[in-house]
Amino acid sequence: MEESSKYDQATTTYLLLEPELVKSKFDITNAELEALRTFKEYFHEEVVPFIEDFYAWMQNLPEFGMFFTSSATLDHVKAKQIKYWQEVFSAEITPGYLKNRENIGLVHARIGLPLHSYCISMNHSAEWWKNKAIALLKDPNTKNPKKVDAAYLNRVINKLIQIDMTVVTETYHKSTQNQLIKTLDDTKQIVDDVTKVAAAVVNGDYSTRLSDSQELSRAINKMIEALSNADTENKRDAWIKNGQAELAEKLRGDLDVAQISANVINFLAVYIEAQVGTFYLLEDNKLHLIGSYAYRHRRSDTVDLNIGEGLIGQAVLEKQVMIVDNLPEDYLTISSSLGESSAKSIIIAPIVFEDRVMGVLELGTMTEFKEIHLKFVETVNESIAVALMSGNNRAKMKELLDDSRKKSDALEEQQQELEKINKNLQEQADEIRASEEELKAQSEELQAINEELEEKTQALENQKRDIEEKNKTLEHSKKMVQEKAEALQKSTKYKSEFLSNMSHELRTPLNSLLILAQSLADNEDNSLSKEQVEKAQVIYSSGQDLLNLINDILDLSKVEAGKLQVEFGAISPKMLGDTVCDRVRPLAEAKNLNFEVVYADDCPDIIVTDGRRVEQVLKNLLSNAIKFTDDKGTVSLKVSMEQDKSKFTTPKLAEERVLSFAVSDTGIGISDADQKEIFEAFQQADGSTNRNYGGTGLGLTISRQLAQLLSGEIHLHSELGKGSTFTLYLPMSSGKEGEATVELSNYGATQAAASSIPSEQFVHEATKVNSKESAVEPLVLIIEDDENFRDILITCLNERRVPCITAATAAEGMQLIKTKKPTGVILDVGLPDRNGLDLLDEIRMNPSTQNVPVHIVTGYDVKEKSMEKGAVGYVSKPVKKDELIAMLDKASSAISEPIKEVLIVEDDNHQLKSIEKLIASDSINVTCAQSVAQAEQVLHEKRIHCMVLDLGLPDGNGKGLLEKISKDKDVVLPAIIVHTAKSLTEEEEKELAEYSPTIVVKTADAPQRLLDEVNLFLHKISEEPNGTSPIKRKTLSNNEIEGRKILLVDDDMRNNIALGSYLREHGLKTVTADNGELAIEYLEKEKDIDLVLMDIMMPVKDGYETIAYIRKQKQYKDLPIIALTAKAMSDERQKCINVGANDYLTKPVDLEKLFDVMKVWLYK
Amino acid sequence: MSTPDHDVEYVYYDLIIDAIKIRYGYDFTMYAKSSLRRRIRDFMHDKNIDDPLDVIKDLIADEAYFVDMLGFLTVSVTEMFRDPDFFRCFRSVVIPILKTYPSVRIWHAGCATGEEVYSMAILLQEEGVLDRSKIYATDINISAIDHAKQGIYNLDKMQVFAKNYLKAEGKAEFSDYYHAKYNGAVIDSSLKNNITFAQHNLVTDGSFSDFNLILCRNVMIYFNKDLQTRVLQLINESLIHYGVLCVGKKETISATFLESIYKPLDSKSKIYQKSGKQ
């Protein structure tokens, strides 16, 4: 109150406290006041009811409740008001009166009564008093001295009220103003204080406080406190949130449970300032230590805990975080390298996720865990739990993923399998489809074939019928033939029986005759005249002749009956010759003939044959020779070895060495025409022939047969007028010594019968009758009108023992060709009746004669023409002897193999040799040329039949050669086969085709084709063997290595024996040795070893050494050695070759292969 | 009209054959009768004809009808590289022989729609021999020849052909030799260059050249024996020395006059070489 009055005083206006001023201001006179005073008592009486009405009215005002809360206050205020209004109606405006009014104003200001409420109430009061005044004045009882009216009274009252109101209002305002100022100052102060405090708070200083005098300060203090609290709270939250964030960071990523646990425990320990910690994971209802921080296992075997075991276990059950403080000293030690201390408290926090415990954390500290640590742990619980969960899930997912991957892999595999199967099925389906199509096609074809077959079957049946008929006929014929043969045999038998009977019959009288004739000729008692003795001698000799004849006939028949006995023995040809000669010498002497016997140097000591028969033959030949040689002629016997074996047809003569007994005479000779005839069997003999040549004409036939029996031959060379030579050829060994009977069933009657009917031969459409052409004896026909030359030719041919016939005209020649079928013809061109070349044409045209090789000998220059016409040889007169001989040789050689000349023109040596090897054969003579020049030379030197021509030559082009020689008159163009590696253009081909239609490109199969083409050219007419097999190595026919000597070296004698016998079976000779030393010894001893089969594995001196040793010797440099080894390694082969073997074979030895290999190395 | 009985039917068929010969000059009288009859029957069945007499009338009147019929009478089922063993064998046995000639002339007698010709062309190309070869492919049926000349085959058949090709030891991809167009496979033109297609009647026509190789496969089974002989003579005339003859799997030259002249290079695949005397 004091404070406010202080302020009041400072601001109160003079007006309000000065009564006179007030009166004048409000225009209130003392008279008025006087007037009002008259009514004082009355109004004082009304004050209390006024108050009561007033408060009753005021209760309706909203402000009422604000100010009058307690009745005490109300009473107090009422009393005051009573006093106030009494004062008013006392109507004395004194300073005290005004002062009271001032106080009211102040009070109102202080209590904060709104002015307008005061004004309203004053207005209301004024109204009430007005009414009262009116009422008062109306009341007659009222003493109204001054006699005032109501209006006048109310005016006075109103003025007083106005004064009150004004004073109060003014005071109110002033007071309010003062208060405001004060408040403003306070506020300013507070604001300053607040500003200071705010600044502090902004800086985070929540400690400052305002003086709490003011509400505001208090409020602000509270606020600061609140802020402070909030700040602390925030800091805490921030720490927790930060911690969470950091932890979340650490738990980010694809971590597994272990990593998570480690991260968690490590982080937490640090964050909440724990110095030690463990993290247990709940797995399968067991707690398993999964992470730790600065933890040393005190007891290593209690790593796994059960639920409920220990605090940790308990935490699982309770699912609540626990703090255990005040740990005993020895409970837990936290240590570092420098020191240690015991832990004070531990937190045990189960990690729970959706009410499921995942694990338990335990952290320990040396200090204490604060609330916030606990809160933090609780807060991050979920994150950890979630992280663990995630970790678990991830792990699970990984498992599942792996699992599913595996499964998907498996599925893929299966799918692939299925695809494969599907594909297979599809393929199969396709195949089936294709097969179906194929089947369709095939069934069509089959149908067609069926039809064909039906037709064929029908045809076959017809054929069969025909064949059956023919067979029947054949059977019949066969039967006939057989009957005839039997008949013949019978007749022969009869004949021989007859003859033998007859011989006996004949011999008997002959015997007498001879004896008697002999004795007469002896003329012992000289009873006969010379003439008579002579006659007796004639009788004797005739008889003798007759006897001989009979003997001969018998022999002949025996031979023909196949019953002749031949006995082989070792005979001395000399002795034989002498014996025979002695016998016939007298005959020769009787005719005054020169008789010579010559034994050549090479005549052997021994010959294995039947001496008796040889004698017989020789005697026969000699007798004939003597008989047909005239006075002063010469008959000679020459015994020698025969070298030229080409003329023989008997196998034995070809194989063995041949001894010849040549009986020559200078007699009348035998014409060509008759030569053949005289050897015919007597059945077919022309009787006149016999008679011409005398009684012993039979002898020749017999001699021939005998010669055949002895595996020999008799050849005749004779010329009319000049003489004859009959030569008996015998093999050195006709048969085995001591061999008695040779039943030769081929001979005799059956021979004749058999030759004309092919046995068991049914006519078959498809089969060929393979009739082997029987070996033809060479026979040369000379068609030459010049006698002298003809003679020369004949002589030459005779020297060669080649039978020849002659013709002097073309016609005769042609005739002879047709009838005699010579194997070669020597044809002169200048013939009297026709040009030889014309004849040549005719010969060529005629199918039956076209095969005969014809050699032209002529003085005309017609070589080209001749060759064109197909002559195989050409010689121009005058003929040089060697030319002649060459031609005759050619002409007389067997037709089946005329030698063909082949020229190979190839510059590559290797190829040249291989082609040569390929083509060369018995019937082909190969010449090689390696350049154009060489080729030309060869072509000029001799007639080439076929030329294999390479195009690329060192001194020119093959085609150039062709052009050259085609223009060259001296060269007859041979058949040409071009053999080139060059790939030819069409142009080149065409150009070459002018000369040769045959071009062989050098490829792997070229050799076969080359051979084929060469053969084709050379054997245009002769038959080709079926199924020519490719010739890989030039091999020999067995015949050619027969007789060779092989040295077998093997330490196992059984091998030697087995191999040896196999080789011997094939005609080879063998020598065996069972070691190397022996082998070398034998090599030296047996000088004619042709090949060695050497086993490698041998003791003492093994195969290698032996081979090496052998090779060291010069003489065995070229000896073929084939190594036989059990080793199959490839370097073994090389080893053998290196040491000197020519070839090698592995054991066990393939015998066929062995033979092949041997044949190669034995080829010379 | 109901189907006439057997013998009467056969007379009609003979009449048809005669009609063809008289009207168009094609001589089928020497073809194997039963297969010919069967084909006529197939033709009639396909065209829903009951009466053979109708056939005669129509074919005489309408050449196109005859050409259609000709297809039934002459062309048979075929594929490319049909009977792959034959081609395989051909590669190893015949190709080396062909390689020894600087130029090779080949005749496919009775090539039908050309599958065999192109197969052979492919094989020759792979073996490096096509360039030096001149191939002549002939058939009696002109529309077959035209078809062959075009060298277009059904695309869906290519799969089967490809299988055959593989079995025949083809050296590349079968698809290299054709390109697909719409629904057809067109044979690569490089294969067609050396091939000349022409019409040729084995019954009436003669030899027109010399060849190193003649293929006459699954043609002669439809001929009677006389015609077969004739054809073989024709082939023999047309083949050089050491030339090669190939016939179909079900055919043979045994029991013919060729047997002595030809030696088998592979009897299973019926490949022969002329190596004997004429």
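So here's what we get for this one:
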read-out: Close pairs from the stretch B:156-175: first assigned to a helix (DSSP H, G or I), partner among the polar types (S, T, N, Q) and surrounded by 20 or more Cβ atoms within 10 Å (Cβ to Cβ), Cβ under 9 Å, at least 6 apart; value: B:Phe161/B:Ser119; B:Asn164/B:Ser119; B:Tyr165/B:Ser119; B:Phe174/B:Asn164
read-out: Single match in B:Ser209, B:Ser254, B:Ser269 (criterion: assigned to a loop (DSSP other than H, G, I, E, B), within 13 Å of another protein chain (Cβ to nearest Cβ) and either among the hydroxyl-bearing types (Ser, Thr, Tyr) or buried (at least 22 other Cβ atoms within 10 Å of the Cβ) (or both)); value: B:Ser254
read-out: Residue match in the stretch A:192-205 (condition: outside any loop (DSSP other than H, G, I, E, B) and within 17 Å of A:Trp85 (Cβ to Cβ)); value: no
read-out: Residue count, the stretch B:23-61 (criterion: in a helix (DSSP H, G or I) and over 28 Å from B:Lys225 (Cα atoms)); value: 8
read-out: Among the residues listed as B:Lys181, B:Lys192, B:Lys225, the single one being charged (D, E, K, R) and within 14 Å of chain A (Cβ to nearest Cβ); value: B:Lys225
read-out: Given (1) of a type in the set (A, V, I, L, M); (2) modelled with pLDDT under 90; (3) open to solvent by 20 Å² or more (accessible area, probe 1.4 Å), index of the condition B:Leu73 fails; value: (3)
read-out: Hey, A:Glu225 open to solvent by 80 Å² or more (accessible area, probe 1.4 Å), part of a helix (DSSP H, G or I), of a type outside the set (S, T, N, Q) and more than 25 Å from A:Gly364 (Cβ to Cβ) or not; value: yes
read-out: Any hit, the stretch A:230-246, residues being buried (at least 18 other Cβ atoms within 10 Å of the Cβ) and touching a Phe, Trp or Tyr at 6+ places or on another chain (Cβ under 6 Å); value: yes
read-out: Checklist (1) among the charged types (D, E, K, R); (2) within 14 Å of chain B (Cβ to nearest Cβ); (3) within 47 Å of the chain's Cα centre (by Cα) applied to A:Glu455, failing item; value: (3)
read-out: Residue within the stretch B:69-77 that is within 12 Å of chain A (Cβ to nearest Cβ), farther than 21 Å from B:Lys268 by Cα and of a type in the set (Val, Ile, Thr) present; value: yes
read-out: Selected residue (criterion: nearest to A:Thr1003 (Cα to Cα)) from residues of the stretch B:116-153 that are open to solvent by 10 Å² or more (accessible area, probe 1.4 Å) and among the small types (Gly, Ala, Ser); value: B:Gly128
read-out: Residue match in the stretch A:369-390 (condition: surrounded by fewer than 17 Cβ atoms within 10 Å (Cβ to Cβ) and not in a helix (DSSP H, G or I)); value: yes
read-out: Hits in the stretch A:317-367 - residues which are among the β-branched types (Val, Ile, Thr) and open to solvent by 70 Å² or more (accessible area, probe 1.4 Å); value: A:Thr367
read-out: Meets criteria (open to solvent by 70 Å² or more (accessible area, probe 1.4 Å), of a type in the set (Gly, Ala, Ser) and out of contact with any Asp or Glu (no Cβ under 6 Å at 6 or more places or on another chain)) for A:Ala269; value: no
read-out: Residue in the stretch B:51-68 that is in contact with a Ser or Thr (Cβ under 7 Å, 6 or more places away or on another chain), in contact (Cβ under 8 Å) with a residue 24 or more places away in the chain and open to solvent by 20 Å² or more (accessible area, probe 1.4 Å) present; value: yes
read-out: Members of the stretch A:792-841 found to be in contact (Cβ under 8 Å) with a residue 40 or more places away in the chain, surrounded by fewer than 19 Cβ atoms within 10 Å (Cβ to Cβ) and more than 30 Å from A:Glu642 (Cα to Cα), listed by number; value: A:Gly830, A:Pro832
read-out: Residue within the stretch B:79-92 that is in the same structural domain as B:Lys171 (by TED's automatic domain parsing), in contact with a strand residue (DSSP E or B) (Cβ under 9 Å, 6 or more places away or on another chain) and open to solvent by 10 Å² or more (accessible area, probe 1.4 Å) present; value: yes
read-out: Test: residue in the stretch A:977-986 that is within 12 Å of chain B (Cβ to nearest Cβ), in a helix (DSSP H, G or I) and closer than 20 Å to B:Val129 by Cα; value: yes
read-out: Identity of the residue in the stretch A:534-578, among the β-branched types (Val, Ile, Thr) and open to solvent by less than 50 Å² (accessible area, probe 1.4 Å), that ends up modelled with the highest pLDDT; value: A:Ile571
read-out: Long-range neighbours under 9 Å by Cβ, at least six apart or interchain, first residue at positive phi within the stretch A:323-336, second open to solvent by 60 Å² or more (accessible area, probe 1.4 Å) and modelled with pLDDT of 85 or more; value: A:Asn326/A:Lys344
read-out: Any hit, the stretch B:230-241, residues being over 29 Å from A:Arg1009 (Cβ atoms) and in a helix (DSSP H, G or I); value: yes
read-out: Cross-chain or 6+ apart pairs with Cβ under 8 Å, the stretch B:228-251 first and facing another protein chain (nearest Cβ under 8 Å), then β-branched (Val, Ile, Thr); value: B:Tyr242/B:Ile97; B:Gly248/B:Val219; B:Gly248/B:Ile221; B:Lys250/A:Ile449; B:Lys250/B:Ile221
read-out: Pairs, first at the interface with chain B (Cβ under 10 Å from one of its Cβ atoms) in the stretch A:419-443, second open to solvent by less than 100 Å² (accessible area, probe 1.4 Å) and among the hydroxyl-bearing types (Ser, Thr, Tyr), C-beta under 8 Å, six or more apart; value: A:Ala441/B:Ser76; A:Ala441/B:Thr78
read-out: Candidate set from the stretch A:458-490 (those that are small (Gly, Ala, Ser) and free of Cβ contacts under 8 Å to residues at least 40 places away in the same chain); member that is nearest to the other protein chains (Cβ to nearest Cβ); value: A:Ala459
read-out: Top-ranked residue in the stretch A:919-959 [being open to solvent by 30 Å² or more (accessible area, probe 1.4 Å) and in a helix (DSSP H, G or I); ranked as nearest to A:Gln1008 (Cα to Cα)]; value: A:Lys959
read-out: Yes/no for A:Lys132 being touching a helix residue (DSSP H, G or I) at 6+ places or on another chain (Cβ under 9 Å), of a type outside the set (A, V, I, L, M) and part of a loop (DSSP other than H, G, I, E, B); value: no
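One line per residue, one yes/no per condition, for (1) exposed (fewer than 13 other Cβ atoms within 10 Å of the Cβ); (2) at pLDDT 80 or above; (3) under 18 Å from B:Met158 (Cβ atoms):
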site	(1), (2), (3)
A:Asp430	no, no, yes
A:Lys440	yes, yes, no
A:Leu446	no, yes, no
A:Ile449	no, yes, no
A:Glu454	no, yes, no
A:Gln458	yes, yes, no
A:Asn462	yes, yes, no
A:Glu469	yes, yes, no
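The values are calculated or read from the model by the stated rules, or taken from the named source; none is laboratory data. Not measured: the values here are computed from a predicted model. Reconstructed Cβ throughout: ideal geometry from the backbone, glycine too, with neighbour counts over all protein chains shown. Surface accessibility is based on the protein's heavy atoms, side chains included, excluding ligands, DNA and RNA. Shrake-Rupley method; radii C 1.70, N 1.55, O 1.52, S 1.80 Å.
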